[in-house]
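A short write-up of the structure that comes next.
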Amino acid sequence: MDQPEHQSNIGSDKSGKPHKPDESDTRDLVVARPEGLYCPAGDFYIDPWRPVERAVITHAHSDHARFGHRHYLAARAGANVLLSRLPGITLQTLAYGERLAIGATFVSLHPAGHVLGSSQVRIEHAGRVWVASGDYKLDPDPTCDAFEPLRCDAFITESTFGLPIYRWDAPQVVFDGIDSWWRHNAAEGRASVLFCYSFGKAQRVLASVDAGIGPIFCHGAVEPLNRAYREAGVRLPPVGLVGEIPVKDKAAFRQALIVAPPSAQGSAWLRRFGDYSDAFASGWMRLRGARRRRGVDRGFVLSDHADWPGLQSAIHATGAARVIVTHGSVEPMVRWLREQGLEAGAFETQYGDDTVEADAAGSVEPAAASHP
Ligand SMILES: [Zn+2]
Ligand SMILES: [Zn+2]
């Protein structure tokens, strides 16, 4: 795709002149503006929430990727998904690790392990490196590239699950649990309805369960994302569409796993499955009482965000002396960082308040999902 017009500015840092500290060398590489996180030296925004000229998008979840920007830059691996969510945008893509000059900076995108195409944004300027994490997780996920640790001077991190109570089991343990719940239901001739977010979590579930147990169906809201994942080369098992089964045919679902978005919970759509067991897959299921309040038979603790130890080890691996927290449990994380002797602060952002995990949190602990 086209190089940005900013390309012509790149000489300013490569002029060979002796390095002389001036204002531009000490200025922060990323600052908070009303539109979003802004890089003055590159004149671009990261995941802005208001319309801007140039937006670098970490991933296609709706609190990070919004309509209205003039130019979008994102990882090539996530192009299908991003365009399926935001059709018609002007999108430039970068392979992971590919460097692009933007203004006086060099920018590259690196896997964040969160969902397909999710990136950390690495910004280099005047010998300094800042990294903005976007959302990330360290656990293995067959549907996206693994999180890449990056060294930097300053790390801008999410903190969705930045409290010591959040510790995840190994993913395989969780999927074994989902499989045995499904197998048990299938043996009793009962459908298994699993609620999870339609972008990222649903595909991770599909790619990880034992598809030999029975047929798999998806809600119509999940299918477009499945298609985008398949087009990007992610292997998913064959999945039927619930809407393609005659309404009276309940037998078709007796051995089936049905993957549906949280919004389908409590809807008339569920009647077509006859007898069913339901479950919810989310990091919020770690909270005491979350499953009961959600009104489902089972809760599986499965998140696409780093848990508390994961956040700590990811931050530590950056070697950053300065850490800025964007969303989630901001204050506990900032406090912990300062205890580690790091310079820590927070950016007020509008991330984390959409349906991504928030709808899984429901009434359980809205503060945890929407805290700035
Ligand atoms: Zn996300
Ligand atoms: Zn987020």
>> Here is a check on your reading of the model: is TYR166 modelled with pLDDT of 95 or more and over 24 Å from GLU348 (Cα atoms)?
In response: no
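So which residues in the stretch 299-324 are more than 16 Å from ligand 2 (Cβ to nearest atom) and not in a helix (DSSP H, G or I)? Working first, answer last.
Quick first cut of the stretch 299-324, residues more than 16 Å from ligand 2 (Cβ to nearest atom) only: 299-302, 308-309, 312-313, 315-323.
GLY299, PHE300, VAL301, LEU302, GLY319, ALA320, ALA321, ARG322, VAL323 - these are the residues of the stretch 299-324 that are more than 16 Å from ligand 2 (Cβ to nearest atom) and not in a helix (DSSP H, G or I).
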> When the residues of the stretch 325-353 are filtered to those that are within 16 Å of ligand 2 (Cβ to nearest atom) and part of a loop (DSSP other than H, G, I, E, B), which remaining residue is nearest to TRP49 (Cα to Cα)?
Replying inline: GLN350
> Restricting the stretch 114-161 to residues that are surrounded by fewer than 24 Cβ atoms within 10 Å (Cβ to Cβ) and in contact with a Pro (Cβ under 8 Å, 6 or more places away or on another chain), which is farthest from ASP304 (Cα to Cα)?
Replying inline: GLU148
> Limited to the stretch 210-221, what total is found for residues that are more than 23 Å from SER84 (Cβ to Cβ) and among the aliphatic types (A, V, I, L, M)?
Replying inline: 2
> Counting just the residues of the stretch 297-336 that are within 17 Å of CYS152 (Cα to Cα) and without any contact (Cβ under 8 Å) to a residue 40 or more places away in the chain, which one comes out farthest from the chain's Cα centre (by Cα)?
Replying inline: HIS316
>> If VAL296 satisfies all but one of (1) within 24 Å of ASN226 (Cα to Cα); (2) part of a loop (DSSP other than H, G, I, E, B), what's the number of the condition it fails?
In response: (1)
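Sort out which residues of the stretch 292-341 are of a type in the set (Asp, Glu), surrounded by 14 or more Cβ atoms within 10 Å (Cβ to Cβ) and more than 16 Å from ligand 1 (Cβ to nearest atom), and write them in order of number. Outline the logic, then answer.
Narrowing the stretch 292-341 to residues of a type in the set (Asp, Glu): 297, 304, 307, 331, 339.
From what is left, the residues that are surrounded by 14 or more Cβ atoms within 10 Å (Cβ to Cβ) are 297, 304, 307.
ASP297 - this is the single residue of the stretch 292-341 that is of a type in the set (Asp, Glu), surrounded by 14 or more Cβ atoms within 10 Å (Cβ to Cβ) and more than 16 Å from ligand 1 (Cβ to nearest atom).
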> Exactly one of (1) in a loop (DSSP other than H, G, I, E, B); (2) surrounded by 13 or more Cβ atoms within 10 Å (Cβ to Cβ) is unmet by ALA228. Its number?
Replying inline: (1)
> Mind checking which residues of the stretch 85-118 are closer than 17 Å to ALA317 by Cα and in contact with a His (Cβ under 9 Å, 6 or more places away or on another chain)?
Replying inline: ALA112
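Listed here are the residues, each with its yes/no results for (1) assigned to a loop (DSSP other than H, G, I, E, B); (2) crowded, with 18+ Cβ neighbours inside 10 Å.
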| site | (1), (2) |
| --- | --- |
| ILE165 | yes, no |
| ASP169 | yes, no |
| VAL174 | no, yes |
| ILE178 | no, yes |
| TRP182 | no, yes |
| ALA186 | no, yes |
| SER198 | yes, yes |
| ALA202 | no, yes |
> Under the condition of being within 16 Å of ligand 1 (Cβ to nearest atom), touching a Ser or Thr at 6+ places or on another chain (Cβ under 7 Å) and not hydroxyl-bearing (Ser, Thr, Tyr), which residue from the stretch 112-131 is farthest from TYR197 (Cα to Cα)?
Replying inline: VAL121
>> Between a residue in the stretch 200-215 that is touching a residue at least 12 places away in the same chain (Cβ under 8 Å) and closer than 13 Å to VAL234 by Cα and any residue that is crowded, with 24+ Cβ neighbours inside 10 Å and among the hydroxyl-bearing types (Ser, Thr, Tyr), which pairs come within a Cβ distance under 6 Å, given they are 6 or more apart or on different chains?
In response: GLN203/TYR229
> In the stretch 66-81, what residues are surrounded by fewer than 23 Cβ atoms within 10 Å (Cβ to Cβ) and either outside the structural domain of GLY134 (by TED's automatic domain parsing) or within 16 Å of ligand 2 (Cβ to nearest atom) (or both)?
Replying inline: ARG66
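For every residue, the table says whether it meets (1) modelled with pLDDT of 95 or more; (2) within 16 Å of ligand 1 (Cβ to nearest atom); (3) touching a helix residue (DSSP H, G or I) at 6+ places or on another chain (Cβ under 8 Å).
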site	(1), (2), (3)
ALA101	yes, no, yes
ALA104	yes, no, yes
SER108	yes, no, no
ASP135	yes, yes, no
CYS144	yes, yes, yes
GLU148	yes, no, no
CYS152	yes, no, yes
THR157	yes, yes, yes
PRO171	yes, no, yes
>> What's the total number of residues in the stretch 231-252 that are surrounded by 14 or more Cβ atoms within 10 Å (Cβ to Cβ) and assigned to a helix (DSSP H, G or I)?
In response: 2
> Taking the stretch 192-250, which residues are within 16 Å of ligand 1 (Cβ to nearest atom) and on the phi > 0 side of the Ramachandran plot?
Replying inline: GLY200
>> I'm trying to understand the selection: among the residues of the stretch 41-93, which are in contact with a Lys or Arg (Cβ under 9 Å, 6 or more places away or on another chain), away from ligand 1 (no atom under 14 Å from the Cβ) and polar (S, T, N, Q)?
In response: ASN80, SER84, THR90, THR93
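The values are calculated or read from the model by the stated rules, or taken from the named source; none is laboratory data. Since the model is a prediction, treat every value here as computed from it, not as a measurement. Ideal geometry is used to build each Cβ from the backbone, glycine not excepted, and the neighbour counts take in all protein chains shown.
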